[in-house]
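Asker: Pasting a structure here, questions to come.
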Ligand SMILES: Nc1ncnc2c1ncn2[C@@H]1O[C@H](COP(=O)(O)OP(=O)(O)O)[C@@H](O)[C@H]1O
Ligand SMILES: [Mg+2]
């Protein structure tokens, strides 16, 4: 059974805007799913629908087997939500605001657990500080601590690192990794491709209220990734010889580097054939290297294909 099971979820806002247009998504226990999409794609709407903050217009969403509308309380207990916007009580002290969040779920006090959470998030030293005295990054940590206070099985992080500095971003990734080791299922939204690439097991791409694909990160990168082979020639040439016109080659401005783009999914890469053709054309190869394009290239390609198709 999927930990989070979304079937044909739709959301039309008052005024008629369709923010979710039939989302199907299953998330297994213990995985880290990154939901990648540009601003306005529907990421926050989807999370809000799962967490019961907004009512889906149609479709069915279950968390841990509980319908999020019918069995709201049971479902919500399993969920920790770190919202996109910082929404903290400025005069509260760090430890008490986190303990208070736990109480909202009707759970008994557990000082040892709160201490453990605060330590994990490097907030223990700040436990008696007022929230308003904290930096932006520390406030984000408090949001995570609050979301963990009732020991959720699924944690939603809505753009956890938007606008934070590089150091904090890396800390966040570390925190996410530690939570995964505790068996927490994590869904994070981001428009930083680097983030999905760094921490996700699976990547979902969402655009205009629809999931364009969900796939294991590594296989996504192999399937869609184009590779480039850079061939360094011994002596410069002014043009690519006619005999090499079969190959997708680009000549560098120095006249000495040839870049060959090939599809990793293709049965044959054509590299052996290219090497033979180069030698037949009398070109001496000094060195070769390969590079694979990133998730970023794949993502930009997908979203722009979709935009072209819509026109
Ligand atoms: N309460 C609302 N009423 C009307 N439209 C909304 C509301 N909330 C969000 N939207 C619209 O729905 C779309 C998706 O928004 P959102 O889910 O916040 O996207 P994301 O989190 O991916 O940036 C946007 O076009 C946004 O303007
Ligand atoms: Mg959002």
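Asker: Restricting region 67-96 to residues that are closer than 19 Å to residue 157 by Cα and away from ligand 2 (no atom under 16 Å from the Cβ), which is surrounded by the fewest Cβ atoms within 10 Å (Cβ to Cβ)?
Answerer: Here the residue is 88.
Asker: Can you name the residue in region 152-196 that is in a helix (DSSP H, G or I) and within 16 Å of ligand 1 (Cβ to nearest atom) and, of all such residues, is farthest from residue 29 (Cα to Cα)?
Answerer: 193
Asker: Which one of the conditions (1) over 25 Å from residue 189 (Cα atoms); (2) at pLDDT 95 or above does residue 106 fail to meet, given that it meets all the rest?
Answerer: Unmet for residue 106, out of (1) over 25 Å from residue 189 (Cα atoms); (2) at pLDDT 95 or above: (2).
Asker: Could you please find all residues in region 146-176 being more than 15 Å from residue 81 (Cβ to Cβ) and in contact with a strand residue (DSSP E or B) (Cβ under 9 Å, 6 or more places away or on another chain)?
Answerer: Hits for region 146-176 are 161, 162, 172.
Asker: Write out, first by first residue and then by second, each pair whose Cβ atoms fall under 8 Å of each other, whose residues are 6+ apart or on separate chains, and whose first residue, in region 270-285, is without any contact (Cβ under 8 Å) to a residue 12 or more places away in the chain and assigned by TED's automatic domain parsing to the domain that holds residue 239 while the second is outside any loop (DSSP other than H, G, I, E, B) and surrounded by 11 or more Cβ atoms within 10 Å (Cβ to Cβ).
Answerer: 275/285; 279/285
Asker: Consider residue 69 carefully, then state whether it is within 30 Å of residue 57 (Cβ to Cβ), touching a helix residue (DSSP H, G or I) at 6+ places or on another chain (Cβ under 9 Å) and in contact (Cβ under 8 Å) with a residue 60 or more places away in the chain.
Answerer: no
Asker: Could you list, ordered by first residue, the pairs with Cβ atoms under 7 Å in which the first is in region 44-58 and under 17 Å from residue 82 (Cβ atoms) and in the same structural domain as residue 11 (by TED's automatic domain parsing) and the second is within 8 Å of ligand 1 (Cβ to nearest atom) and assigned to a loop (DSSP other than H, G, I, E, B), at least 6 apart or interchain?
Answerer: 44/84; 45/54; 48/54
Asker: Now for a separate question. When the residues of region 123-145 are filtered to those that are in contact with a strand residue (DSSP E or B) (Cβ under 9 Å, 6 or more places away or on another chain) and within 12 Å of residue 86 (Cα to Cα), which remaining residue is surrounded by the most Cβ atoms within 10 Å (Cβ to Cβ)?
Answerer: Within region 123-145, the match that is surrounded by the most Cβ atoms within 10 Å (Cβ to Cβ) is 143.
Asker: In region 16-42, what residues are at pLDDT 95 or above, farther than 10 Å from residue 209 by Cα and within 6 Å of ligand 1 (Cβ to nearest atom)?
Answerer: If the condition is that a residue be at pLDDT 95 or above, farther than 10 Å from residue 209 by Cα and within 6 Å of ligand 1 (Cβ to nearest atom), then 17 is the only one that fits.
Table: residues versus (1) farther than 28 Å from residue 301 by Cα; (2) exposed (fewer than 14 other Cβ atoms within 10 Å of the Cβ).
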site: 10; (1), (2): no, no
site: 13; (1), (2): yes, yes
site: 24; (1), (2): no, yes
site: 33; (1), (2): no, no
site: 37; (1), (2): no, no
site: 45; (1), (2): no, no
site: 50; (1), (2): yes, no
site: 55; (1), (2): yes, yes
site: 58; (1), (2): yes, yes
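Asker: Right, next: Select from region 197-238 the residues that are more than 17 Å from the chain's Cα centre (by Cα) and part of a strand (DSSP E or B) and write down the one among them that is modelled with the lowest pLDDT.
Answerer: Top of the filtered list is 226.
Asker: Moving to a separate point now. Check whether at least one residue in region 100-119 is under 30 Å from residue 18 (Cβ atoms) and free of Cβ contacts under 8 Å to residues at least 60 places away in the same chain, and report yes or no.
Answerer: Scanning region 100-119, I find no residue that is under 30 Å from residue 18 (Cβ atoms) and free of Cβ contacts under 8 Å to residues at least 60 places away in the same chain, so the answer is no.
Asker: Still on this model: crowded, with 19+ Cβ neighbours inside 10 Å and either outside the structural domain of residue 81 (by TED's automatic domain parsing) or away from ligand 1 (no atom under 16 Å from the Cβ) (or both): does that describe residue 200?
Answerer: yes
Asker: So, in region 264-281, of the ones that are under 38 Å from the mean Cα position of the chain (by Cα) and outside any helix (DSSP H, G or I), which residue ends up modelled with the lowest pLDDT?
Answerer: 265
Asker: Residue 137 is checked against (1) more than 24 Å from the chain's Cα centre (by Cα); (2) under 20 Å from residue 164 (Cβ atoms) and fails just one. What number does that condition carry?
Answerer: The failed condition is (1).
Asker: Applying the selection to region 284-304, what residues are farther than 10 Å from residue 232 by Cα and at pLDDT 70 or above?
Answerer: 290, 291, 299, 300, 301, 302, 303, 304
The values are calculated or read from the model by the stated rules, or taken from the named source; none is laboratory data. None of these values were measured; they are calculated from a predicted model. So basically every Cβ, Gly included, is an ideal-geometry build from the backbone, and we count neighbours across all protein chains shown.
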